[in-house]
Amino acid sequence: MTNPPNPGDLLTRRRKLLYILLLGALTALGPFTIDLYLPAFPALEASLGVTEAQVQLTLAGTTVGFAFGQLVVGPFSDKFGRRTPLILATALHIAASLGAALSTDITTLGIFRVLMGVGAAGGGVVAMAMVRDLFSGYAMVRMFSRMSLVNGLAPILAPVIGSQLLLVMPWPGIFVFLAAYGTLVIVAALLLVRETLPPEKRGRSGMTARQRYRALFTDRIFVGLLMVAGFNFGGLFTYLSASPFLFQDVFGFSAQQYGLLFGINSLGIVAGVQTSSRLIRIVPPQWILAGATAWMFLMAMLIVVFDRAGLGLWGVMVPLWFYIMGTGFMFPCVQVLALAGHAAQAGTAASLLGAATFLMAGLISPVVGWLGITSAAPMGAVQAACILLAIAALWLVVRPRTVPSIH
């Protein structure tokens with residue numbers, strides 16, 4: 001089987017570079033929205049007079065909003081094109097960011113964080129769908145890996161920027177910064193992003209949104225990948241939710257030291273994504289998923305064992321870095337396998353993939369807060385449970401031996 005020519009093959013090298021930069025920046029809006037305020041967790045706790053678990057619920061609310069927003073933006077972009085939903089969603093993000101900056105209690109902040117998640121959904125879904133509009137097979141893999149070099153900077157830079165902002169302004173300034181970032185996204189979308197889904201291709205399958213969802217949910221491999229991706233993100237967001245308190249309260253890091261540590265850990269994601277994207281040409285992506293999940297379960301268990309053995313900070317940091325690298329190995333494999341067979345409903349497929357990951361993250365990440373963060377063991381235990389469920393979904397639902405090859 002051979003793929004038809006990719007529309008993206010007609011783009012000049014300069015235009016492809018522009019798309020990599022722009023789409024990477026669009027996708028980065030979500031990680032910036034989530035990661036930028038992580039160093040401010042202890043400050044929020046003290047300023048608003050709330051508990052760790054309540055602060056973590058604002059992170060959970062953001063991820064749930066992100067999940068819901070993608071379910072709306074994806075089908076909308078399949079029917080009406082990519083640019084309009086991107087602009088509308090980002091406008092909501094800007095307004096919600098300003099609302100969060102003006103919040104004086106945890107409930108109001110939580111509501112605006114949910115709306116910020118809904119708004120941030122536009123960039124991620126539309127960017128993935130645009131890549132699928134333009135490319136397929138290994139060309140799509142290359143595009144995703146190159147975009148990740150751009151959006152991979154977001155989780156590295158966001159906590160560093162957030163921690164530096166806290167030196168010169170109180171925590172509301174972080175949300176003003178996010179509003180400014182969203183404004184830049186809208187300007188770029190208006191001036192530089194071209195529509196990749198022409199009118200004649202919108203809804204060309206003649207299917208309603210409900211029928212597109214049914215087609216995707218009756219694809220066993222796609223459903224299994226949703227589960228794998230969701231549990232992978234659940235483990236990653238357990239780290240995001242627990243690490244500000246673990247490293248600042250338990251290990252005594254300052255906000256700036258935590259931001260630097262978070263950036264170093266995020267390099268693991270970038271390393272994993274880039275290595276995996278190249279390895280896909282040699283090893284089928286389903287088998288990379290099998291190896292990565294097994295590796296991550298081992299690393300999560302080592303976090304628990306080393307913590308109980310009293311090995312201290314390095315006993316947590318080393319296996320945690322390699323666990324985070326494993327999540328990076330999984331990202332391009334899941335994206336390629338999930339979108340490969342669904343070109344006609346790329347927006348809907350991308351929205352479901354994003355919604356599953358962030359909804360699962362929103363549901364799982366507060367668990368570690370309820371367990372209490374007095375050591376690294378609760379974080380490692382929740383991560384191990386998440387990845388064990390991902391392993392079960394991979395082998396029992398996806399079934400690697402039944403996955404068709406990509407070209």
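Here, each number is a calculation from the coordinates, and none is a lab measurement. In this text the structure is predicted, and so the values were computed from the model without any measurement. Please note: Cβ atoms are built from the backbone with ideal geometry, for glycine as well, and neighbour counts cover all protein chains shown.
Assuming charge only on the beta carbon of Lys and Arg (+1) and of Asp and Glu (-1), the dipole of the chain about its Cα centre is about 1620 debye to the nearest 20. Computed from Cα atoms, the angle from the helix 153-168 axis to the main principal axis of the chain rounds to 40 degrees. Largest mean-square fluctuation among 315, 123, 362, in a Gaussian network model of the chain whose springs join Cα atoms under 10 Å apart, belongs to 315. To test your reading of the geometry: what angle, between 0 and 90 degrees and rounded to tens, separates the Cα axis of helix 220-245 from the longest principal axis of the chain? Helix 220-245 and the main axis of the chain meet at about 30 degrees.
Taking springs between alpha-carbon atoms closer than 10 angstrom, which of 26, 240, 279 fluctuates most in the Gaussian network model of the chain? Residue with maximal mean-square fluctuation among 26, 240, 279: 279. For the chain, modelled as a GNM whose springs connect Cα atoms under 10 angstrom apart, the maximal fluctuation among 360, 169, 140 occurs at 169.
Can you give the local net charge around residue 218? Use residues other than it whose beta-carbon is closer than 13 angstrom to its beta-carbon, Lys and Arg +1, Asp and Glu -1. Net local charge, residue 218 excluded: +3. Apply the a/c threshold of 1.5 to the C-alpha gyration tensor of the chain and tell me whether it is rounded, prolate or oblate. Oblate, since a/c reaches 1.5 and b/c is not below a/b. Using only Cα atoms, find the angle between the long axis of helix 255-279 and the longest principal axis of the chain, and express it within 0 to 90 degrees, rounded to the nearest 10. Relative to the chain, helix 255-279 is tipped by roughly 30 degrees. The relative contact order of the range 11-402, computed from alpha carbon pairs under 8 Å that lie at least 6 residues apart in sequence, is 28 percent.
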